[in-house]
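The values are calculated or read from the model by the stated rules, or taken from the named source; none is laboratory data. Only a predicted model underlies this, so the values are computations on that prediction, with no experimental measurement involved. Quick reminder, even Gly has a Cβ in these numbers, built from the backbone with ideal geometry, and neighbours come from all protein chains shown. These accessible areas exclude ligands, DNA and RNA; they are computed on the full protein's heavy atoms, side chains included. Shrake-Rupley method; radii C 1.70, N 1.55, O 1.52, S 1.80 Å.
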Amino acid sequence: MPIRTLTELTPPMTARSVVLSLLLGARPARLPGREITRTGELFGMAPSTMRAALSRMVAAGDLVSEDATYLLGARHLERQALQEVLVNPRRTPFDGQWDMVVVVVSGRDAAARGALRSTLAEHRYAELREGVWMRPANLSGHDLPPQDEVHRFATTPAEPVALVHQLWDLETWAAEARVILAALTVPGQSKERFMAAAAAVRHLRTDPALPDDLLPDNWPADELRWAYDDYRAQFAELSMREKVKPTREDT
């Protein structure tokens with residue numbers, strides 16, 4: 001599979017997606033409006049465009065506005081909590097056992113099948129063949145919700161390394177992680193670095209989070225996580241400096 005560029009790894013950024021990317025990555029999930037509009041300028045978005053997007057998002061319940069500061073609304077706070085779990089999977093000691101999920105597809109409409117596939121992928125299972133999904137049993141806090149017509153089994157593959165490479169394209173995942181990492185670790189604030197941070201979140205959500213002995217050498221997932229955490233910390237520091245700058249009313 002061809003290795004995608006950073007632009008290909010990041011969907012086009014709209015004013016709304018810039019706002020959500022900023023606030024979903026912020027801890028706590030609140031930023032002054034001037035910081036949000038300044039980030040929009042990196043993408044050529046006028047302050048008036050960003051302010052209009054903020055107003056629409058407040059009206060839609062995506063955001064809450066308090067004293068020229070914007071906070072995530074309730075449903076996006078839930079999304080942020082899920083994102084944190086998916087970006088930082090908790091691996092546990094691995095004893096060689098795998099989870100296998102067999103899906104009975106008869107009687108399910110297309111929407112239900114699609115939703116179930118998304119749920120299994122989100123829980124880091126990979127499809128071996130139609131209706132059969134597998135992964136090593138080495139994750140904590142990723143239990144599948146109860147599903148009708150879904151059967152679960154424990155199994156121990158004879159050739160786990162070969163099975164891993166059948167289920168996941170690890171070489172492409174690692175190569176694209178390094179593309180993101182290269183852009184994310186450039187000093188300073190830039191459009192490319194912001195795009196890399198957004199791409200890092202999406203990419204880390206697809207990290208198979210395999211046991212160490214089933215991973216290739218120099219697997220870059222943790223390095224990408226650390227780089228993303230560094231980016232968030234630097235952005236938070238810049239935002240704090242901006243917050244304490246005196247305004248005209250203070251001088």
### Message
Quick check on the range 53-61. Is at least one of its residues of a type in the set (Gly, Ala, Ser), open to solvent by 40 Å² or more (accessible area, probe 1.4 Å) and in contact with a Pro (Cβ under 9 Å, 6 or more places away or on another chain)?
### Response
no
### Task
Quick one: count up the residues across the range 213-237 that are more than 15 Å from the chain's Cα centre (by Cα) and touching a residue at least 60 places away in the same chain (Cβ under 8 Å).
4
### Query
Which condition does residue 50 not pass, out of (1) of a type outside the set (Lys, Arg); (2) open to solvent by 60 Å² or more (accessible area, probe 1.4 Å); (3) over 23 Å from the mean Cα position of the chain (by Cα), if it passes all the others?
(2)
#### Entry: Residue, modelled with the highest pLDDT, within the range 212-251, restricted to residues that are part of a helix (DSSP H, G or I) and in contact with a Lys or Arg (Cβ under 8 Å, 6 or more places away or on another chain)
231
## Note on the structure
Considering the range 111-132, residues that are in a strand (DSSP E or B) and open to solvent by less than 20 Å² (accessible area, probe 1.4 Å), and then whichever is nearest to residue 89 (Cα to Cα), we arrive at 126
### Query
Taking the condition open to solvent by 40 Å² or more (accessible area, probe 1.4 Å), touching a residue at least 12 places away in the same chain (Cβ under 8 Å) and under 20 Å from the mean Cα position of the chain (by Cα), does residue 152 pass?
no
#### Entry: Pair list, Cβ under 6 Å, 6 or more apart: the range 62-82 residue more than 14 Å from residue 51 (Cα to Cα), other residue assigned to a strand (DSSP E or B) and open to solvent by less than 60 Å² (accessible area, probe 1.4 Å)
73/63
### Query
What do you reckon, is residue 171 surrounded by fewer than 13 Cβ atoms within 10 Å (Cβ to Cβ) and part of a helix (DSSP H, G or I)?
yes
#### Entry: Residue tally, condition open to solvent by less than 60 Å² (accessible area, probe 1.4 Å) and either more than 26 Å from residue 87 (Cβ to Cβ) or not small (Gly, Ala, Ser) (or both), over the range 24-47
12
### Query
Within the range 114-144, which residues are of a type in the set (Asp, Glu) and either in contact with a Leu (Cβ under 6 Å, 6 or more places away or on another chain) or under 24 Å from residue 162 (Cα atoms) (or both)?
122, 127, 130
### Summary
Given the conditions (1) more than 25 Å from residue 20 (Cα to Cα); (2) open to solvent by 20 Å² or more (accessible area, probe 1.4 Å); (3) of a type outside the set (Val, Ile, Thr), every one holds for residue 210 apart from (2)
